[in-house]
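Trainee: Quick one: the structure is below, questions incoming.
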Amino acid sequence: MGFELVFGPLVVLSGMLVGFALGVDTVNILQPVTATAAMDQRGLSSEVATRNLVTNIAQVADFDTEFHEVGAKDIAGDGFVESVARALSIDETVLAARRLPGAIAAEFQPEFIERDSGTVLRLRITRPATGVHLVEEFTVEGDAFEPVFRKASRAILVVIDPVTLAMDDLWQGDLVSAGQSIERALRATAGQQRQVAETLLGIRQLAEGDAVTAERTLRAAIWRRTDFAPAHLALARALAQTRGPDAARAVLEDLDLHAAGGTWSERAAREVPAAAAYVRARLAAAEGDWPEAVALLHQATTAVPTFAAAHEALVEAYLAQREAPFAEYHAQTALRLTAPDVPRFDDQLDHMLQLAVTPIRPRPGS
């Protein structure tokens, strides 16, 4: 009886996990990087090369937002099925089951090869469900392997999660690369994920100074789901340029109605109003109403104390009011929150919301 009570649930759960593995919860598989003998002699073994490639993918895949279902984490980290399977010591069974036909969305086989012209990273991409096979090659220039790992990681992300790649491109201020990744995301997605891609397109158009086109794009994104907060926030910024602050405030008031509806997650219910307060504060600042701007920015930083852009805006507002000590305090806070040694993926404002409300600083040459 005791044996059945202990192992019965495990057998059932194991069956459920294998069921997931057989196709309900498909994954993308990244094979270890095959290194050449010359690379191995220089200390760049297969293990080291694999770690470098996964690190490049993880830097993008761990983008902190609840407004997109990230698809790259099953390469950069463990998925739910793997974690539970390892806890039950059946991870090898689950992995084997995943490798049955149809269980893998895409499989990537990276291999370094030596040619007369130099070292090349060959990336084979296979989609078992469709039988599609692709090969991309990246040439190593001298001893610079890191650029090749970055290019290969982008090629992988374009296949499995172009939306997250587009977010990261915008976050880095790389508008040229963002244009390419957003175009791919629009072709590869549907439903809610296409709404995210359309919102990113509108944000990019804003960054390029085309508020009129951005307004049209963002209105189309909202039409797909009317309570999608990032699109509302970006649209308010666009309307502030095309139709004036009153039109922007009307969009934010519409967003307030959705907030009152109680359909958002606990995190969104806290962070979306903070982001909206930030946008309202910028509108007030543009009109010279600095006391209103300060009040709204404090509302934002009270809800999200690590909202760096709001602290930066408070510096401007307090300087405008000739209150230097307060400005210095928020300048130090903003500096601490944006320091290079502070992890990007912490408890700051959701990064999708930040993209929607904070003007992007284009990278030089993009």
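Trainee: May I ask you to list pairs of residues, at least six apart or on different chains, whose Cβ atoms are under 7 Å apart, with the first in segment 241-266 being of a type in the set (S, T, N, Q) and the second being modelled with pLDDT of 95 or more?
Mentor: Q241/A211; T242/A211; T242/V212; T242/E215
Trainee: Determine if segment 181-188 includes at least one residue that is crowded, with 24+ Cβ neighbours inside 10 Å, among the polar types (S, T, N, Q) and either within 25 Å of A259 (Cβ to Cβ) or in contact with a Leu (Cβ under 8 Å, 6 or more places away or on another chain) (or both).
Mentor: yes
Trainee: Please report, ordered by residue number, the strands (runs of 3 or more DSSP E) entirely within segment 83-174 with at least 3 residues that are more than 27 Å from the chain's Cα centre (by Cα), in contact (Cβ under 8 Å) with a residue 12 or more places away in the chain and within 29 Å of D40 (Cβ to Cβ).
Mentor: 104-115, 118-127
Trainee: When you scan segment 207-227, do you find a residue that is surrounded by fewer than 24 Cβ atoms within 10 Å (Cβ to Cβ), within 26 Å of H311 (Cα to Cα), hydrophobic (A, V, I, L, M, F, W, C) and in contact (Cβ under 8 Å) with a residue 24 or more places away in the chain, even just one?
Mentor: Checking segment 207-227: at least one residue is surrounded by fewer than 24 Cβ atoms within 10 Å (Cβ to Cβ), within 26 Å of H311 (Cα to Cα), hydrophobic (A, V, I, L, M, F, W, C) and in contact (Cβ under 8 Å) with a residue 24 or more places away in the chain.
Trainee: Restricting attention to segment 228-237, does a residue exist that is surrounded by fewer than 20 Cβ atoms within 10 Å (Cβ to Cβ), at pLDDT below 95, at negative phi and assigned to a loop (DSSP other than H, G, I, E, B)?
Mentor: Checked segment 228-237: no residue is surrounded by fewer than 20 Cβ atoms within 10 Å (Cβ to Cβ), at pLDDT below 95, at negative phi and assigned to a loop (DSSP other than H, G, I, E, B).
Trainee: Turning to a different aspect of this structure: Does A49 count as at pLDDT below 70, surrounded by 16 or more Cβ atoms within 10 Å (Cβ to Cβ) and farther than 24 Å from Q195 by Cβ?
Mentor: no
The values are calculated or read from the model by the stated rules, or taken from the named source; none is laboratory data. Values in this document were obtained by computation on a predicted structure and should not be read as measured data. Quick reminder, even Gly has a Cβ in these numbers, built from the backbone with ideal geometry, and neighbours come from all protein chains shown.
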